[in-house]
1. Along the charge dipole of the chain, pointing to its positive end and built from +1/-1 on Cβ of Lys, Arg, Asp and Glu, which listed residue (Ala382, Phe316, Ala366) has its Cα farthest out?
2. Calculate how large, on average over all directions, the projected area of the Cα convex hull of segment 49-180 is; give the answer in nm² to one decimal.
3. Considering the dipole of the chain built from charges on the beta carbon (Lys and Arg +1, Asp and Glu -1) around the Cα centre, which of Ser15, Pro238, Thr453 is farthest to its positive end?
4. Straight-line reach from Lys340: which aspartates and glutamates have a Cα under 19 Å away, not including same-chain ones fewer than 8 places off?
5. How big is the gap, in Å, between the Cα center of segment 456-482 and the Cα center of segment 170-221?
6. Given the whole protein assembly as supplied and a 1.4 Å probe, what does the accessible area of Ser26 come to in Å², nearest 10?
7. Cα centroids of segment 23-44 and segment 143-157: how far apart, whole angstrom?
8. Going highest first, how would you order 78-87, 214-223 by mean Cβ packing within 10 Å?
Amino acid sequence: MFLMLFAILFPILASLGICHKRVSGSLRTLHIYVFTAVLLTSLVNGAAILSPRLNAVTLLHFTDTLSLTLAADGLSRVFLTIIAVLWPLTTVYAFEYMKHETNEPRFFAFFLLSYGVSSGIAYAGNPATLYLFFELLTLATLPLVMHKMDDRARCAGKRYLLYSMAGASLGFLSIVFIDRCGVGTTFALGGVLGADLDAQTLTVLRAAFVLAFFGFGVKAALMPMSFWLPAASVAPTPVTALLHAAAVVKAGAFACLRMTYYTYGAHVLRGTFAQYVPMAAAIFTIAFGSLMALRMNHLKRRLAWSTVSNLSYILFSATLMTTLGLKAACMHMLAHAFIKITLFFGVGSILVSTGKEYLDEIGGLAKRMPHTFACFSVASAALMGLPPMPGFFSKWAIGSAANYSGSWLAIVGIGALMASAFLTALYLISILSQAYFGAGAESGPRCDKPLMTAPQAILCVMIVLMGLFNQTVQHWLDLWLF
């Protein structure tokens, strides 16, 4: 209980401490304070990841069946690994990046608050608790999306808020049905529904699951509710990096996995419209997101649409509703988080160092930013799925799980994965070829910034190690999940 409560409450309380003048009066003091808070939270989350067992703890009863419950299982550990590793690296990156922004104390206050709420999502022990922290995450990250407070930022924030609240409302309706028909109050692999449900009730529950999948899938940018994500790229790059790689979008995918495997149960949904409707949406999003990414000239928006596509890899794998599908979804969740945040860090470094945001502006820029583009190249190879990178193994696992599922729609999904892989190569290679072989921006001094390239280099090492030791990663996932 101490580990879970500390990881949630400490960064939230630390965010309030930034209001004190002794903390916010000096940037050096502010940076030390923020990094210490983030590092301690990550260490506690790391201890929770390595703990052999964390029992469920009920903190508050709302009704006889609805409660605020914390717990940690294998899926929690997957999400905790992402935020515990990526948040400190993003913090170091943000210290340098935010020098050209304003209102740093406000930024880091909500930055810490979002970490605490994200930990709450990981430790949510039942649907009601997950819904509570899911809503809080929207409110905690909204000021980060709107940080610049110009017209574009306000418009992006309004869209983000509208989409997120609408999606959460659909998730809430699902929780009402689960509360009525469930036999347990905590998540359990295989679901919590009663065994004596009649056919009509099961049909209603399956319809409620579809609502929940699309509702929680809003944060995972599932079509048709994905247009908020590219708009949110107006936020500072440390925010978009976390939005697109760790906190928000992975929270959406995490919630969909919770609803599928730990609430309703795959055996109740498999072979019905509750499987095929979300699967079809995920397949469409995979292809549509990749096509839109190829069309974008703006670098951050190109990566944003790439995120839309890759998140639906996870959702497609989730809708296979098999143990292989669950494991493959978690593999890609981990791989994509580390890869995509590295790519966003690279684009942010370009923006800070040169002010350039568009593809046709970066011709020859790799000569001036060799370290940044070296890291970008490694991450690009991983996202394209080149062996032995982790992106290759996660995509292979998804394709294998789809093949073994025996569903004709899953075979269509394999085709979408192959098409998306080809498009991914096109929209990333075009960036690299322009940076290395194009003309226009190659003149001038080198402008790599050490505090921004260091996190990218560390992430590249982690990405390579995840690929080389893929069997070890799969072994830990087997231990955690099953």
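1. Of the options given, the answer is Ala366.
2. Here the figure is 9.4 nm², rounded to one decimal.
3. Thr453
4. Here the aspartates and glutamates satisfying the reach criterion relative to Lys340 are Glu357.
5. Centre-to-centre (Cα) distance: 32 Å.
6. 50
7. 25
8. Highest to lowest by the protection proxy: 214-223, 78-87.
The values are calculated or read from the model by the stated rules, or taken from the named source; none is laboratory data. Computed from a predicted structure; not experimentally measured. Every residue, glycine as well, gets a Cβ built from its backbone with ideal geometry; the counts of neighbours run over all protein chains shown. The area values use the complete protein model at the heavy-atom level, side chains included, leaving out ligands, DNA and RNA. Shrake-Rupley method; radii C 1.70, N 1.55, O 1.52, S 1.80 Å.
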